[in-house]
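Step one of this worksheet: look at the structure below.
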């Protein structure tokens, strides 16, 4: 039995996939709410080391069991697991869930290195389970329109892409500053979004060369740094002869909360996606023709939970492993090369 609510087709309770949530801090609860609102799945269990966090999350799913660990969550019997834990745990927890037969939706980065990401994708393929990663900027209306312009050839041959993500605050949890736990600094935290966005928009061209310059506290870091960077510049040369330029940072004195942008320049025009007035959430997308500009999209755009919601709908639709997950390895490989790994 089904009903249609707010545009979603909702299955009757008992027929929907059962999903568990591992980690329900701010972002975990936000993604949980987005998934609940689809009506596509039932929340079977919530696991978080903080009893307070777990209790807050349970308000959105009163029938969910509260457990402490991933293994307890899996023992309850779930069809999918949503992971929002520290980065060092993502790969091993994703593999554990997949090997237990559950689909996975994981916060970025999926792994700290290409090897970790490759291992997760391999586990998903072997288990034939749906794998999703919260690379949420793909789901903004502006970037979807820009991608369509690029793929339809309306901008001509793309030869230059400028990417930037500057966060004036930086993370507030200590593990972000330990390279063994985080895998890296602002490139791993913020740059992953921009590299993914560019390769996704360009349909994943081959990468011929990558170079990176990393800084911490205004000092240049050497290859294979033993501390995380808070400012980075990188150049990614593509086999199409296009060049990507990336700049990202934590705590840059930029005069606003954040500077986020992705600009694509082609032989027949350009297009750019950028945040508005320093916002982390509001974006405008524009198309450029010489000195003229056209607005493609503007706020409001409730994009934050779309990646999670789409994963839940695909899970409810019975989808299994999607070979496009291999592109997660492409992004991780670029980051490895930025770090000199």
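In this simple spin-label model, placing a label point 7 Å from the Cα along the Cα-to-Cβ direction at both residue 243 and residue 157 gives a separation of 1.6 nm. Arranged from fewest to most other beta-carbon atoms within 10 Å of their beta carbon, 281, 339, 139 become 281, 139, 339. Compute the acute angle (0 to 90°) between the alpha-carbon long axis of helix 114-127 and the principal axis of greatest extent of the alpha-carbon atoms of the chain; round to the nearest 10°. For helix 114-127, the angle is close to 40 degrees. If you model region 141-301 as an ellipsoid using its alpha carbon gyration tensor, with each semi-axis the square root of five times an eigenvalue, the axes come out at 28, 19, 12 Å, biggest first.
With contacts taken as Cα pairs under 8 Å and at least 6 residues apart, region 141-301 reaches a relative contact order of 30 percent.
For the pair region 134-208 and region 257-326, the centres of their Cα atoms are 10 angstrom apart.
Restricted to Cα atoms, region 68-188 shows a radius of gyration and a Dmax of 17.4, 53 angstrom.
The long axis of helix 141-151 is offset from the longest Cα principal axis of the chain by roughly 60 degrees. For the chain, what is the calculated [θ] at 222 nm in deg cm²/dmol (nearest 500), taking -39500 (n - 2.57) for each run of four or more DSSP H residues and dividing by its residue count? Helices in the chain give a 222 nm mean residue ellipticity of -9000 deg cm²/dmol.
Treating each Cα of region 128-172 as an identical point scatterer and summing with the Debye formula, the log10 of I(q)/I(0) at q = 0.14, 0.17, 0.19, 0.32 Å⁻¹ comes to -0.59, -0.77, -0.87, -1.15. Against the main long axis of the alpha-carbon atoms of the chain, helix 26-38 sits at an angle near 70°. In region 173-228, Cα pairs under 8 Å separated by at least six residues give a relative contact order of 39 percent. Largest first and in whole Å, the equivalent-ellipsoid semi-axes of region 235-320 read 27, 20, 17, each the square root of five times a Cα gyration tensor eigenvalue. Could you tell me whether region 172-260 comes out rounded, prolate or oblate from its Cα gyration tensor? Rule is a ≥ b ≥ c as square roots of the eigenvalues, rounded for a/c under 1.5, then prolate if a/b exceeds b/c, otherwise oblate. Taking the square roots of the gyration eigenvalues as a ≥ b ≥ c, region 172-260 is prolate.
Rule-based calculations on the coordinates, nothing more; no lab input. These figures come from a predicted structure and were not determined experimentally. Every residue, glycine among them, receives a Cβ derived from its backbone with ideal geometry; neighbour counts consider all protein chains shown.
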